[in-house]
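Below: one structure, written as structure tokens.
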Amino acid sequence: MNKKKITVCIGVISVVIIVVIAVLFPTLTKKQMVFVSDRLFVSTNQDVSEMVLREAEVSEYDSPYIGIIESAVSRTKEASVEFQSNFGCIGSEIIFNGNGIAVNLNGQWIQFVPKEPADLNSIIQSEQAVYEEEVAAFIKNVSADNITVDIVEYITDTSKERIKELKITEEDMPDGYYIFNSDEEVIIWKCNAETVYTFIDWNGDFTGSESPEEYTTTDIEEFQKYIETYDNGEPKMPFFFIIENGYIKQIIEKPFA
């Protein structure tokens, strides 16, 4: 009789354990995530291979390559180190794409969007992830609907930790800034009808002014004409870009000493 009770108890306990695991396991595991450019991205499970191929065909440059997955943590954790995932796939390529990034998983490009702490699920469901960041970059080419740039790091004298890390001296930044470009990272950002271009009209070609004056327009053709006034159409100083939802929201030229 006691053996029967023990057997029944063991059976009940086993069922309870199975139920608990079934309930808790989905909450313990996390969605596929990858940490890139100091930001955590989460998978939408959307196959965007055709989109990536179309972008590559219409561009004279390769797809906007970022790097590869270099390390991984378990599925129960969030990636927190540059080029780290929580789903393995070390060596998989990562590129900028649309409103986020795409990762090549077994030959398919899967879309990832920035993880926002407020409401991640709504971002994935709507596929309207929005984020802004100001990025310094050299302009390499301006076309009818996109701009090719080489991203750089604009360091000011307030960036104490970065200055120490790179061992930048006062002699290296006599005007209060330092432009760090470890290697050429050419990417393509798209423009739309709402993109705002703010630049310095040095010669009065757009403002009619006899002295340099800031000029703002939403006409990319005007911006193209301005960029063409530089040697080979490539300004020697970086412009500053605000990116929203994968598109250029604003381009700003700042006066340099």
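What the table below lists for this structure:
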item	result
Under 5 Å, built H, 5+ apart or other chain: amide partners of G246	Y131
In order through region 76-92: 3J(HN,Hα) via Karplus (6.51 cos²θ - 1.76 cosθ + 1.60), integer Hz, x for Gly, Pro	7, 10, 9, 5, 9, 10, 3, 6, 10, 10, 10, 9, x, 6, 4, x, 5
Debye log10 I(q)/I(0) at q = 0.17, 0.18, 0.30 Å⁻¹ for region 195-248, Cα point scatterers	-0.57, -0.64, -1.33
10 °C / 1.306 mPa s Stokes-Einstein diffusion coefficient of region 155-208, Kirkwood radius on C-alpha pairs, µm²/s	107 µm²/s
Calculated P(r) of region 134-252 - Cα pairs past 23 Å, %	37 percent
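Read-outs: derived from the displayed coordinates by stated rules, not from any lab. Just so it is clear, the model here is predicted, and its values are computed rather than measured.
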